[in-house]
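J.: Supplied in structure tokens, the structure appears directly below.
Every number in this text was worked out from the coordinates using simple rules, so none of it is lab data. On a predicted model such as this, the values are computed, not experimentally measured, just so you know. Cβ placement follows ideal geometry from the backbone for every residue including glycine, while neighbour counts extend to all protein chains displayed.
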Amino acid sequence: MRQKKGIDYLMRFTRYAFLYEDDSENFGKEKLLSPEETLFADHSDCDDRAALFFIW
């Protein structure tokens, strides 16, 4: 897979593979999930997804 296509694939995965819910609604406060926690959580927010994308 070419680099541009691979990056696009990972960006789409981190954006659409998880249900979105803001931390204040999900936890009642701001909470940054680790990339591993994001993979197993029912919901995530933009910060969690960015951290997941960064490790790839």
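J.: Determine, yes or no, whether F18 is touching a His at 6+ places or on another chain (Cβ under 8 Å) and surrounded by 14 or more Cβ atoms within 10 Å (Cβ to Cβ). Break it down stepwise before answering.
T.: On the way: touching a His at 6+ places or on another chain (Cβ under 8 Å): yes; surrounded by 14 or more Cβ atoms within 10 Å (Cβ to Cβ): yes.
It is true that F18 is touching a His at 6+ places or on another chain (Cβ under 8 Å) and surrounded by 14 or more Cβ atoms within 10 Å (Cβ to Cβ).
J.: For the stretch 12-29, check the following and say yes or no: at least one residue is without any contact (Cβ under 8 Å) to a residue 24 or more places away in the chain and among the β-branched types (V, I, T).
T.: No, the stretch 12-29 contains no residue that is without any contact (Cβ under 8 Å) to a residue 24 or more places away in the chain and among the β-branched types (V, I, T).
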